[in-house]
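The values are calculated or read from the model by the stated rules, or taken from the named source; none is laboratory data. Just so you know, these numbers come straight off a predicted model, no measurement behind them. Virtual Cβ from ideal backbone geometry, glycine too; neighbours counted across all protein chains shown. All accessible areas refer to the heavy atoms of the entire protein, side chains included, with ligands and DNA or RNA removed. Shrake-Rupley method; radii C 1.70, N 1.55, O 1.52, S 1.80 Å.
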Amino acid sequence: MPLASPFGIRVPVSGPANPPSSLRGVLERIIFLNEENSYTIAELRPDSLDEPPPKRTKSKNAPIRAKAPDSSLVTVVGLLPGVQCGETLSLDGEWVHHPQHGAQFKIVAWRSELPAGVYGIRKYLGSGLVPGIGKTYANKIVDRFGADTLRVISEESARLREVEGIGPTRATAIKKSWEDQRALREILIFLQTYGVTPSQCVKLVGKYGPQAKQILLAEPYRVAREIDGIGFKTADKIAINLGFANDAPPRLDAGLLFALAELAEEGHTAYGESDLRAYAAELLQTDPSLLAKRIDALVETRELVRHGDAGQPATAVQLPLYHRAEEKIATAFTRVLRCTSCLPPIKVDAAIVWAQEKSQIQFAEQQAAALRAALTSKISILTGGPGTGKTATLRALVGILKAKKVRVHLAAPTGRAAKRIAETTGGFAQTIHRLLKYDAAKSGFAHDSASPLPTDFLVVDEASMLDARLAAALLQAVPSSAHILLVGDVDQLPSVGAGNVLKDLIASGLAPVTRLAVIFRQQHQSQIVVTAHAVNNGDSALPPTIADLATHPLHHDLLFLPVGSAEECVARVVELCTRIIPQKLRHFDPVAEVQVLAPMHKGVAGVGNLNRELQAALNPRGAALRSPAGELRAGDKLIQLRNNYDKGIFNGDIAVVTAVDPEAGTLEADFDGTKQTLDRGDLGDVALAYACSIHKSQGSEYPVVIVPLLKAHFMMLQRNLLYTAITRGKKRVFIVGEPAAWGMAVRNNESRDRRTHLREKLAALAEK
């Protein structure tokens, strides 16, 4: 008697347009699978058809697909999360006719059954579904147990040892894999209506094993805390449907933690307790008074950290993650400040004169002050806008340190910024992640407080990009005797991650700060530099404006191109990339050297639509690989969205696709000279990068920058955003937009305050 199926759950997909049909058979081959939404194209070997598929009619406009080697197979399409070759599927749906691929069965509902026949069982086990059983062992096991195979695995797994080559260890592993696979399928079917992806379900089963569904039913909010990618909103939807009360303590606790995580996305590492109650109450649609006790409870269980007395106006709360990060920053900062310098004796004034003679540059008083502070203070900070001499100052400092045989390390948050500081100083530079060397074995960086960097002097460029967690990792790894110089432009946007580290360190007053204000670089020629400083000073006068680029010579390196609508803006951006720049600025590659920077992701002139339009204009043809980012082709420009330590590519890295393999679901991309192969699991971490957000551009410079700027972007129009966009351009900047939007951005200097607790921690340690 065949084993009763543990997966016999009918899964509705959508309503059919044609009279319903049914189909049952063994899944032979998966042709295509979208891992994000489980849309599948596959071939099924039917047991029998309740009606034949519709005959295909020839069309001279539709190419005929080559006949499949096995004409008994039929094509099925639809949502099939977690299915594997060899499974027996019972499908409900309708027959449809595809103009190119012929008859297909469109799935409306489905259920998976364990195969009862020897053929299906052999195919099922040989598909690799159960780790530990490949084709060889599948044949051996089925030869031994026949149609009773699956019952033996499930109920009498010890009997697997009757098969030659299977010992107790392999038998136990097969049994465990079988149970895990059953748990995974139950979770997949249960969660697909909540928008949980198969990859997230795999994480659930990997964490909880066969108990995954029971834990999800009993403690859905626990899953939101412990499983990356399954957030509060998904868990809350599940919990409410399961009957959890709106004011149940687990819901309120999870909502408070989620609220702080949402605030961290906005840049805050700490938040006032009363403000948090109001924010979370609106989010949860509950009474703020109910949340006071829950905050107390979370502080008691150390899931929240409270600073100050409960109920007092100055009381702040933090997630432990950010509390620890700021503690590490403050501790490392004061530790380095208080330790004796390891630098050899340096006659500072003589060294500055020597550097001036070597570079044939007369340093301004502020530049000399910056060099003096760096060489005499354990930690110093250098800030200033474009063209104010930061590069010349750094070059002089590195020259002095090298002449004194000092071990100097140069680092920056992004690869482009690291490459730039290396080129301008003549030293070796790398990203902070590469400097600290990620160690997969310890799930952290190789260099930390226990294993500090072998350096005497650390220079960090683009320090305004340092968020709390990265700054904590970096400063912890600096030896106490070393010097640190943080270089950054405090008028730019703050870090993408939570925190306001550079501003907090400046405000602490613990280290000398030099602000360069005199413009040197191309003082009379560079409109980029002049405009950036005008914007920073609140001057809303439009830069040089051109209505018709086709007939007007491009005399200035920054130009404003007025448009009257979002559609005209997009058309003008595309025209710049496809016609104006290739014709008038022929030495710039419109893909590799031109970067469109938009204030927002959504909307007609947002990042998403601009990427679609630019891809269609610049790279419309060729084999395409379907991905969460859309169709990707060789020649497309990509941006990495998350750190991938295994491949050594990091958030913000830019690449050009060099090859795609649609059938294998892989592509090859060149990340600044390093080629990487990305598989389906990696494709969710990349996006098209013909256009990217201004926030994502921090720390990078591009030969040519194009900035769409419209009143529709009003939510993001701020002075520091526009200033950041302009200063990303190295050779040319084109602002394409509405004059009113320019004025709105320049006049809005009320950048959102980031709430942190770093200053208080620094002050407390400084008093000890």
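Among residues that are part of a helix (DSSP H, G or I), more than 15 Å from Ala280 (Cβ to Cβ) and open to solvent by 50 Å² or more (accessible area, probe 1.4 Å), Pro210 is included.
The residue of the stretch 713-740 that is nearest to the chain's Cα centre (by Cα), among those that are small (Gly, Ala, Ser) and buried (at least 22 other Cβ atoms within 10 Å of the Cβ), is Ala725.
Flag not set for Val336, criterion: part of a helix (DSSP H, G or I) and exposed (fewer than 15 other Cβ atoms within 10 Å of the Cβ).
Does any residue of the stretch 383-398 turn out to be of a type in the set (Gly, Ala, Ser) and closer than 25 Å to Leu762 by Cα?
The initial filter retains those residues of the stretch 383-398 that are of a type in the set (Gly, Ala, Ser), namely 384-385, 387, 389, 392, 396.
Within this subset, residues satisfying the condition of being closer than 25 Å to Leu762 by Cα are 384.
Checked against the condition, which is being of a type in the set (Gly, Ala, Ser) and closer than 25 Å to Leu762 by Cα, the stretch 383-398 yields at least one hit.
The combined condition, being farther than 29 Å from Glu179 by Cβ, modelled with pLDDT under 60 and open to solvent by 30 Å² or more (accessible area, probe 1.4 Å), is not fulfilled by Ala4. When restricted to residues that are part of a helix (DSSP H, G or I) and closer than 17 Å to Phe244 by Cβ, the stretch 281-296 contains 5. Here Ala629 meets the list (1) more than 30 Å from Lys711 (Cβ to Cβ); (2) touching a helix residue (DSSP H, G or I) at 6+ places or on another chain (Cβ under 8 Å) almost entirely, failing just condition (1). Taking the criterion of being at pLDDT below 85 and open to solvent by less than 10 Å² (accessible area, probe 1.4 Å), would at least one residue in the stretch 665-677 satisfy it? Yes, because at least one residue in the stretch 665-677 is at pLDDT below 85 and open to solvent by less than 10 Å² (accessible area, probe 1.4 Å). Take the conditions (1) buried (at least 19 other Cβ atoms within 10 Å of the Cβ); (2) touching a strand residue (DSSP E or B) at 6+ places or on another chain (Cβ under 7 Å); (3) touching a residue at least 60 places away in the same chain (Cβ under 8 Å); (4) not small (Gly, Ala, Ser); Leu549 misses just one of them, which is (3).
Residues of the stretch 409-420 that are open to solvent by 30 Å² or more (accessible area, probe 1.4 Å), modelled with pLDDT of 85 or more and either closer than 19 Å to Ser697 by Cα or under 20 Å from the mean Cα position of the chain (by Cα) (or both): Lys419, Arg420.
Here Leu284 clears all of (1) closer than 20 Å to Asp753 by Cα; (2) in contact with a helix residue (DSSP H, G or I) (Cβ under 9 Å, 6 or more places away or on another chain) except the condition numbered (1). Selection of the stretch 372-408 for residues being at pLDDT below 90 and either part of a loop (DSSP other than H, G, I, E, B) or touching a strand residue (DSSP E or B) at 6+ places or on another chain (Cβ under 6 Å) (or both) yields Gly384, Gly385, Pro386, Gly387, Thr388, Gly389, Lys390.
Within the stretch 133-155, residues that are at positive phi sit with their Cβ atoms under 9 Å from residues that are open to solvent by 50 Å² or more (accessible area, probe 1.4 Å), at 6+ positions apart or across chains, in these pairs: Gly146/Val118.
Within the group Gly606, Gly630, which residue is open to solvent by less than 60 Å² (accessible area, probe 1.4 Å) and modelled with pLDDT under 85? Walk me through how you get there before you give the answer.
Values: Gly606 fails: modelled with pLDDT under 85.
When all the criteria are applied, what remains is Gly630.
Test of understanding: among Ser449, Ser481, which residue is surrounded by fewer than 18 Cβ atoms within 10 Å (Cβ to Cβ), touching a helix residue (DSSP H, G or I) at 6+ places or on another chain (Cβ under 7 Å) and either under 26 Å from Thr334 (Cβ atoms) or at pLDDT 95 or above (or both)? Of the residues listed, the single one that is surrounded by fewer than 18 Cβ atoms within 10 Å (Cβ to Cβ), touching a helix residue (DSSP H, G or I) at 6+ places or on another chain (Cβ under 7 Å) and either under 26 Å from Thr334 (Cβ atoms) or at pLDDT 95 or above (or both) is Ser449.
Got at least one residue in the stretch 494-501 being farther than 24 Å from Gly737 by Cα, within 26 Å of the chain's Cα centre (by Cα), touching a residue at least 60 places away in the same chain (Cβ under 8 Å) and part of a helix (DSSP H, G or I)? Yes, because at least one residue in the stretch 494-501 is farther than 24 Å from Gly737 by Cα, within 26 Å of the chain's Cα centre (by Cα), touching a residue at least 60 places away in the same chain (Cβ under 8 Å) and part of a helix (DSSP H, G or I). Of everything in the stretch 272-312 that is crowded, with 16+ Cβ neighbours inside 10 Å and β-branched (Val, Ile, Thr), the residue that is farthest from Ala763 (Cα to Cα) is Thr286.
Within the stretch 269-297, residues that are within 29 Å of Asp467 (Cβ to Cβ) sit with their Cβ atoms under 6 Å from residues that are charged (D, E, K, R) and in a loop (DSSP other than H, G, I, E, B), at 6+ positions apart or across chains, in these pairs: Ala270/Arg755; Tyr271/Arg755. Please indicate, with yes or no, whether at least one residue in the stretch 563-579 is at pLDDT 90 or above, within 16 Å of Arg728 (Cα to Cα) and either open to solvent by 10 Å² or more (accessible area, probe 1.4 Å) or not in a loop (DSSP other than H, G, I, E, B) (or both). Looking for residues that are at pLDDT 90 or above, within 16 Å of Arg728 (Cα to Cα) and either open to solvent by 10 Å² or more (accessible area, probe 1.4 Å) or not in a loop (DSSP other than H, G, I, E, B) (or both), one finds none in the stretch 563-579, hence no. Residues in the stretch 238-252 that are open to solvent by less than 20 Å² (accessible area, probe 1.4 Å) and without any contact (Cβ under 8 Å) to a residue 24 or more places away in the chain were compared, and the one that is farthest from Ile215 (Cα to Cα) is Ala248.
Going through Thr331, Thr269 one at a time, which residue ends up being of a type in the set (Val, Ile, Thr), open to solvent by 60 Å² or more (accessible area, probe 1.4 Å), within 32 Å of the chain's Cα centre (by Cα) and at pLDDT 95 or above? Before the answer, list the steps.
Numbers: Thr269 fails: open to solvent by 60 Å² or more (accessible area, probe 1.4 Å).
Every option except Thr331 fails the conditions.
One residue stands out among those in the stretch 339-357 that are touching a helix residue (DSSP H, G or I) at 6+ places or on another chain (Cβ under 6 Å) and in a helix (DSSP H, G or I): the one that is surrounded by the most Cβ atoms within 10 Å (Cβ to Cβ), which is Ala355. For the stretch 421-445, a residue qualifies if it is touching a helix residue (DSSP H, G or I) at 6+ places or on another chain (Cβ under 9 Å) and either surrounded by 15 or more Cβ atoms within 10 Å (Cβ to Cβ) or at pLDDT 95 or above (or both), and the qualifying residues are Ile421, Thr424, Thr425, Gly427, Ala429, Gln430, Thr431, Ile432, His433, Leu435, Leu436, Phe445. When Tyr690 is tested against (1) under 26 Å from Ser443 (Cα atoms); (2) of a type in the set (Ser, Thr, Tyr); (3) buried (at least 23 other Cβ atoms within 10 Å of the Cβ), exactly one condition is not met: (1).
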